[in-house]
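Okay, structure first, notes after.
The values are calculated or read from the model by the stated rules, or taken from the named source; none is laboratory data. What you see is a predicted model; the values in this text were computed from it and never measured. Methodologically, a virtual Cβ is constructed for each residue, glycine included, from the backbone with ideal geometry; neighbour enumeration extends over all protein chains shown.
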Amino acid sequence: METDKVLLTIAVVAVAVSVIGLVFTYNTISGFKLWLTGLATDTATANVTITSSEAINFTTDNINWGSGTVNGGETNATLDTASGTVTGGTWTAVSQGFILENIGNVNVTLDLATDKDASTFIGGTSPLYQFNVTNNEAGSCPSANQSITFGAYYDVNTTSPGTRVCDNFQFTDASDTLRIDIKVVIPADAIPEAKGSIMTATATAV
Amino acid sequence: MNTKKLIVTLLIVSIIFSAVSIILNLSFSMNFKSLEAAKSSASAGSQILEGKNAGNVNLVVENTPSQDNNGGLNGNR
């Protein structure tokens with residue numbers, strides 16, 4: 001009988017402890033719910049911002065005809081990368097024009113300027129320094145957005161930013177490159193020397 | 001006999017309360033882990049593209065034979 005009392009006491013204590021533990025656990029969890037902004041059912045958000053980037057790149061950036069002279073008896077020589085020919089002179093023919101790529105992630109307008117015109121670049125009597133733009137990849141500059149006639153030669157422009165070539169130069173990889181060909185006419189009386197000129201392309205996001 | 005039944009009943013109740021307490025604790029722990037996972041963030045870095053925007057045109061004009069000829073022929077008269 002005495003044993004039963006002891007056991008009964010222990011059992012009552014055990015129940016009391018369990019009840020206290022249960023209440024304490026419940027209160028603790030309720031308190032954390034108030035602190036936290038989310039539980040297992042809450043949602044997480046991943047945010048990504050893509051910054052627009054306007055960038056162009058001359059993937060082919062050098063045209064070099066090397067050394068040469070105007071043939072005897074000729075008034076001038078014509079060097080043309082579009083046709084890949086040299087007529088009336090002894091320079092090495094170049095058949096590769098500049099390749100200009102839109103490497104950004106937005107369509108851009110494109111202007112072309114040079115640091116020298118025909119007189120300051122070539123010199124002599126009636127020199128010529130011209131450029132000609134074509135789509136290297138179809139649709140790089142859609143027909144509706146061509147500001148000049150593609151495939152036709154134009155005198156270079158030394159006034160910044162230069163001549164507007166395209167109002168909507170595309171950036172998608174399959175159609176984002178233009179070809180710029182150069183033609184120079186070297187008069188027989190041009191001063192013998194090394195001659196160089198820089199063409200600069202300016203892009204502005206549409 | 002009644003005392004023993006009461007003791008067993010109390011122990012069973014105690015076990016049940018303890019079990020409920022354990023379940024609540026486990027549930028809370030699992031929720032807390034999920035919340036940590038939900039806190040994870042995703043980010044994307046930025047890349048600045050820089051290209052070459054200029055091309056060079058070069059050539060050399062050499063002296064022509066006529067330009068090198070400073071003398072000419074001096075024939076006998």
Is there any pair linking a residue in the range B:1-17 that is surrounded by 15 or more Cβ atoms within 10 Å (Cβ to Cβ) and at pLDDT 80 or above to one that is outside any helix (DSSP H, G or I) and not aromatic (Phe, Trp, Tyr), with Cβ under 9 Å and at least six apart or on different chains, and which? none
Selection count, the range A:88-128, where residues are more than 19 Å from B:Glu62 (Cβ to Cβ) and among the hydroxyl-bearing types (Ser, Thr, Tyr): 6
Residue by residue through the range A:128-169, note down the ones that are polar (S, T, N, Q), in contact with a strand residue (DSSP E or B) (Cβ under 8 Å, 6 or more places away or on another chain) and not in a strand (DSSP E or B). A:Asn136, A:Ser140, A:Asn145, A:Ser147, A:Asn157, A:Thr158, A:Thr159, A:Ser160
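Here's the yes/no breakdown for (1) over 14 Å from A:Val133 (Cβ atoms); (2) at the interface with chain B (Cβ under 10 Å from one of its Cβ atoms); (3) more than 15 Å from the chain's Cα centre (by Cα); (4) of a type in the set (S, T, N, Q):
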site: A:Val165; (1), (2), (3), (4): no, no, yes, no
site: A:Thr172; (1), (2), (3), (4): yes, no, no, yes
site: A:Arg179; (1), (2), (3), (4): no, no, yes, no
site: A:Val185; (1), (2), (3), (4): yes, no, yes, no
site: A:Ala188; (1), (2), (3), (4): yes, yes, yes, no
site: A:Glu193; (1), (2), (3), (4): yes, yes, yes, no
site: A:Gly196; (1), (2), (3), (4): yes, yes, yes, no
site: A:Met199; (1), (2), (3), (4): no, yes, yes, no
site: A:Val206; (1), (2), (3), (4): yes, no, no, no
Name every residue in the range A:40-85 that is acidic (Asp, Glu) and either within 18 Å of the chain's Cα centre (by Cα) or part of a loop (DSSP other than H, G, I, E, B) (or both), in order of residue number. A:Asp42, A:Glu54, A:Asp61, A:Glu74
Of (1) of a type outside the set (Asp, Glu); (2) surrounded by 18 or more Cβ atoms within 10 Å (Cβ to Cβ); (3) in contact with an Asp or Glu (Cβ under 6 Å, 6 or more places away or on another chain), A:Thr125 satisfies all except one. Which? (2)
